[in-house]
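To start, the structure itself, in structure tokens.
The values are calculated or read from the model by the stated rules, or taken from the named source; none is laboratory data. Note that the structure is a prediction, hence the values are computed from the model and not measured. For neighbour counting, all protein chains shown are included, and Cβ atoms are generated from backbone atoms with ideal geometry for every residue, glycine included. Keep in mind that these areas ignore ligands, DNA and RNA; they rest on the heavy atoms of the full protein, side chains included. Shrake-Rupley method; radii C 1.70, N 1.55, O 1.52, S 1.80 Å.
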Amino acid sequence: MHEMSIVQALLDRVEAEAEAHAASAVVVVRVAIGTQSGVEPDLVRSAFDLARAGTRCAEAELVIRSVEAVWACVACARPLAAGERLRCPRCGAPARLASGDEILLERLELEVA
Amino acid sequence: MCEDCGCGDPALVPVEVQESLLAGNDRVARHNREHFLEHGVLALNLMGSPGSGKTALLEATARAHTGLRIAAVSGDLATDRDARRLEAAGIPARSITTGSACHLDAEMVHHALHHQALAGLDVFVVENVGNLVCPAVYDLGQNANVVVLSVTEGEDKPLKYPVMFRKADLVVLTKIDLLPHLDVSRAAIEDALARTMPEPAVIALSAKTGEGVERWVAWLAARHAGLAAGTAAAGS
Ligand SMILES: Nc1nc2c(ncn2[C@@H]2O[C@H](COP(=O)(O)OP(=O)(O)OP(=O)(O)O)[C@@H](O)[C@H]2O)c(=O)[nH]1
Ligand SMILES: [Mg+2]
Ligand SMILES: [Zn+2]
Ligand SMILES: [Zn+2]
């Protein structure tokens with residue numbers, strides 16, 4: 001389960017922000033996870049619950065924003081539906097994943113006493 | 001403290017981060033990539049299901065007398081069997097024993113590079129842990145991702161594991177010597193790949209009979225030559 005490694009990176013990053021802002025606790029952690037990122041939100045959630053004990057995230061709310069995959073033609077920007085062949089039917093150019101592969105720490109809400 | 005009224009309540013401070021959780025891994029991967037480029041070494045991240053034929057592909061490559069100087073590391077949960085097989089085939093190899101980890105990350109590969117001189121090499125292969133999910137997430141600093149897919153795995157694997165196949169620069173379709181015994185259609189596999197890879201590149205071969213291995217060797221040679229010419233695309 002590589003989600004544990006992802007969560008460890010998340011906790012380290014959040015801890016560094018909390019330290020930099022002299023925060024007493026982390027209240028909200030907002031992440032974005034693309035459906036084509038290879039990371040399962042449910043597994044991230046359970047890994048987070050396991051790993052956060054004793055950190056400033058112990059009471060934090062984890063908010064996961066799921067990002068749908070968007071494929072578009074590199075040449076004409078025509079969007080392709082999921083499951084289609086990844087070639088633009090209009091101009092023959094290959095498609096690119098415009099979004100949906102992100103594993104992102106977006107923002108935090110910190111409690112600063 | 002709440003600055004507006006001095007009530008003593010802790011203030012809630014929003015902090016905008018917008019950073020990838022893979023940023024730490026990606027930094028080390030970039031560092032690995034510099035090592036490879038500096039020595040003109042083509043680095044491959046060889047991925048695929050357990051038993052798809054990753055080690056057998058490298059053994060067949062050694063038998064093909066490519067003229068390329070190849071070394072490898074194998075990500076292995078508990079044993080050093082793959083590294084021993086590769087050594088026996090004439091490919092200098094070490095194993096990265098991952099314990100319970102289901103994938104290699106850039107740090108593990110960087111550590112392995114301290115034991116493997118890149119000078120004098122043409123190709124450095126990282127045989128990843130057999131797994132179609134986790135290895136796809138981590139950049140190792142490779143120049144190309146190669147996914148080994150055996151015909152015995154069925155036609156739908158690209159559709160079921162799209163992340164791995166989307167990131168593949170090349171799919172090596174192995175064990176084609178077994179096709180006569182299976183109800184599996186090459187066309188169906190290629191169709192599934194066209195729905196997961198924007199620019200599908202497939203080489204079909206048998207590590208057992210050697211059929212098609214020359215196309216794989218030609219791909220290796222071309223990618224290595226492309227590196228020297230500075231035209232090889234960076235790995236994704
Ligand atoms: N018939 C046939 N068998 C093959 C071929 N390639 C590999 N095999 C067999 O498939 C089995 C697994 O091959 P390996 O090379 O160990 O596969 P792997 O992907 O390295 O396996 P792990 O590293 O354990 O994930 C072995 O019994 C091989 O002999 C092939 O082209 N044809
Ligand atoms: Mg192997
Ligand atoms: Zn994993
Ligand atoms: Zn188009």
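Numerical summary
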{"read-out": "Relative frequency of Cα-Cα separations exceeding 11 Å in the range B:18-68, percent", "value": "77"}
{"read-out": "Counted charge near residue A:90, where neighbours are those whose Cβ lies closer than 14 Å (Asp, Glu -1; Lys, Arg +1)", "value": "+2"}
{"read-out": "Mean shadow area of the range B:6-224, taken as a quarter of the surface of its Cα convex hull (nm²)", "value": "15.9"}
{"read-out": "Amide H contacts under 5 Å for residue B:42, placed H, 5+ residues apart", "value": "B:123, B:124"}
{"read-out": "Accessible surface buried once B binds A (1.4 Å probe; total of both sides; Å²)", "value": "3000"}
{"read-out": "Estimated vicinal HN-Hα couplings, Hz - the range B:83-95 in sequence order (Karplus 6.51, -1.76, 1.60; Gly, Pro = x)", "value": "4, 5, 4, 5, 4, 4, 7, x, 10, x, 8, 10, 10"}
{"read-out": "Accessible area in the full protein assembly, largest first, 1.4 Å probe, for B:12, A:10", "value": "B:12, A:10"}
{"read-out": "Between the range B:162-229 and the range A:1-77, the Cα center-to-center distance that results, in Å", "value": "35"}
{"read-out": "Per-residue [θ]222 nm for chain B (sum of -39500 (n - 2.57) over DSSP H runs n ≥ 4, rounded to 500)", "value": "-9500 deg cm²/dmol"}
{"read-out": "Average Cα contact separation per residue, the range B:31-135, under 8 Å, 6 or more apart, as relative contact order %", "value": "42"}
{"read-out": "Degrees between helix B:213-228 axis and first principal axis of chain B (Cα, 0 to 90, nearest 10)", "value": "50"}
{"read-out": "Amide H within-cut-off set for residue B:148, under 5 Å, with H built and near neighbours excluded", "value": "B:47, B:48, B:172"}
{"read-out": "Extension reserve of the residue A:28-residue A:85 stretch, reckoned as 0.36 nm per residue once the Cα distance is removed", "value": "16.6 nm"}
{"read-out": "Scattering profile of the protein assembly as shown at q = 0.07, 0.13, 0.14 Å⁻¹ [log10 I(q)/I(0), Debye over alpha-carbon scatterers]", "value": "-0.34, -1.04, -1.17"}
{"read-out": "Angle in degrees between helix A:3-20 and the longest Cα principal axis of chain A, rounded to the nearest 10", "value": "60"}
{"read-out": "Solvent accessible area, Å² - residue A:96, 1.4 Å probe, full protein context", "value": "110"}
{"read-out": "Backbone HN-Hα couplings from phi across the range A:78-85 [Karplus 6.51/-1.76/1.60, Hz, Gly and Pro as x]", "value": "4, x, 10, 6, 4, x, 6, 5"}
{"read-out": "List B:167, B:54, B:208, B:160, ordered by accessible area with a 1.4 Å probe, largest first", "value": "B:208, B:160, B:167, B:54"}
{"read-out": "Around residue B:39: net Lys/Arg minus Asp/Glu count, Cβ-Cβ under 13 Å", "value": "-1"}
{"read-out": "Helix-derived mean residue ellipticity, 222 nm - over chain A, DSSP H n ≥ 4, -39500 (n - 2.57), to 500", "value": "-8500 deg cm²/dmol"}
{"read-out": "Förster radius 35 Å - calculated FRET efficiency between residue B:208 and residue B:100 (Cβ-Cβ, nearest 0.05)", "value": "0.65"}
{"read-out": "Local electrostatic count at residue B:30 - Lys and Arg +1, Asp and Glu -1, tallied over other residues with Cβ under 15 Å", "value": "-4"}
